[in-house]
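Report on one structure; see the data block that follows.
Computed from the coordinates by the stated procedures, all read-outs in this text should not be read as laboratory data. Remember, predicted model here, so these are calculated numbers, not experimental data. Quick reminder, even Gly has a Cβ in these numbers, built from the backbone with ideal geometry, and neighbours come from all protein chains shown.
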Amino acid sequence: MSYPNYPDALIARILRSVKTIAMVGASPNPSRPSYFAMKYLLDKGFKIVPINPGQDEILGQKVYPALSTVPGPIDMIDIFRNSEAALEVTKEAIANKNRLDAKILWMQLGVINEDAAKLAEQAGFTVIMNRCPKIEYGRLSGEIGWYGVNRRTIDNRKPHAFNKGGSLTRG
């Protein structure tokens, strides 16, 4: 299984062009990654259409049980399910692609399904795997650069003021 390396220019172009995201696997549980990714993206001005059978509302947004029930149009389908489930979600995305006018199929961090990616690309989707739009937005905007993400080194210590020598001191 490969771990794709996407150019920053591609990720940035996608995040600049996308306005509406169908988030398959959105959760109402505040401790779930999909919840805070959804909250962050809503706060950044994206319209999020949560997909989760059995839920009515998440973060004030109407929840749909499946992609086939979303009125559309949407720009991107964000798969917040496991790698095995990505193929079925992809098949549903393809079946609804024209009606939804979706162009991007994004698989979340840790979600890699080569078969789903090939199928989606053959159907005309631009595919991103094993990335999180929340993290990528923050990284490319510089918003989370101080955490070390731009250096590819994760560091949870917030930088402090410059010292006399001009270098950054860390707490």
Region 98-110 residues that are in contact (Cβ under 8 Å) with a residue 24 or more places away in the chain, paired with ones that are buried (at least 24 other Cβ atoms within 10 Å of the Cβ) and of a type in the set (Gly, Ala, Ser) (beta carbon under 7 Å, 6 or more apart): 102/93; 105/93; 105/120; 107/86
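Per-residue answers, yes or no, for (1) crowded, with 16+ Cβ neighbours inside 10 Å; (2) under 17 Å from residue 77 (Cβ atoms):
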residue: 6; (1), (2): no, yes
residue: 17; (1), (2): no, yes
residue: 23; (1), (2): yes, yes
residue: 26; (1), (2): yes, yes
residue: 44; (1), (2): no, no
residue: 52; (1), (2): yes, yes
Elements of type strands (runs of 3 or more DSSP E) contained in region 48-128, each with 1 or more residues being closer than 26 Å to residue 30 by Cα and acidic (Asp, Glu): 76-79
Tally, over region 110-124, of residues that are in contact with a helix residue (DSSP H, G or I) (Cβ under 7 Å, 6 or more places away or on another chain) and either aliphatic (A, V, I, L, M) or surrounded by 21 or more Cβ atoms within 10 Å (Cβ to Cβ) (or both): 7
Single residue of 40, 6, 35 found to be within 25 Å of residue 139 (Cα to Cα), hydroxyl-bearing (Ser, Thr, Tyr) and assigned to a loop (DSSP other than H, G, I, E, B): 6
